[in-house]
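The values are calculated or read from the model by the stated rules, or taken from the named source; none is laboratory data. Remember, it's a predicted structure, so these values are computed and weren't measured experimentally. Neighbour counts run over all protein chains shown; Cβ positions are idealised from the backbone, glycine included.
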Amino acid sequence: MRDFLLSTYPWIKGLHLAAVIAFMAGMMYLPRLFVYHHQSEKGGEAERFFAQMERRLFQGIINPSIVLLWVFAGLMLYANPSILSQGWFLAKFPVVLALAAIHGYYAGAVKKFGRGERPKSERFWRIMNEVPFLLMLAAIFLAVVEPF
Ligand code: HEM
């Protein structure tokens, strides 16, 4: 099994990156929908439309891609367990855990918006829109540059 994973390692890393791109696209688009949702008329057609888009984006793209990026990461760590003690990975892990925590927070928000609630404020979601992007930058530079 490990020999097979080592021989296909670049493909697994490519699949990890493909899942990361889909996940980050969803994580950066969802708060934008929350901003538009806040701007829409309460109980109106647009509100129902945004709630549906948020749910479909979350269930159809964000959830499958976060599962896949962790699965491919786990396969790489199983193939090459020495990574677990490398400085860049020890610094990257809390960053990707923070992204997973925000994913969980967004799951709650999608449910609330789906129930017709309006959690937080438009300004909050505008700011929140930047946080996953900054965490993604940190994860990318830690994994590619391996500064320590
Ligand atoms: C969503 C956040 C994530 C981003 C943006 C990200 C980004 C990257 C990038 C850009 C690479 C390629 C590095 C290179 O080829 O030099 C990579 C590889 C890797 N990532 Fe991630 N990753 C994320 C999540 C994770 C998670 C959750 C884990 C583990 C729990 C993980 C573990 C790894 C491992 C083991 C490699 C292979 C490193 C190597 O062999 O050089 N990543 N990641």
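Report whether or not residue 53 is within 30 Å of residue 2 (Cα to Cα) and modelled with pLDDT of 95 or more. Considered against the rule, which asks whether it is within 30 Å of residue 2 (Cα to Cα) and modelled with pLDDT of 95 or more, residue 53 comes out as no.
Every residue, every condition in (1) away from the ligand (no atom under 16 Å from the Cβ); (2) among the small types (Gly, Ala, Ser); (3) over 22 Å from residue 17 (Cβ atoms), yes or no:
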position: 97; (1), (2), (3): no, no, no
position: 101; (1), (2), (3): no, yes, no
position: 113; (1), (2), (3): yes, no, yes
position: 122; (1), (2), (3): yes, no, yes
position: 127; (1), (2), (3): yes, no, yes
position: 139; (1), (2), (3): no, yes, no
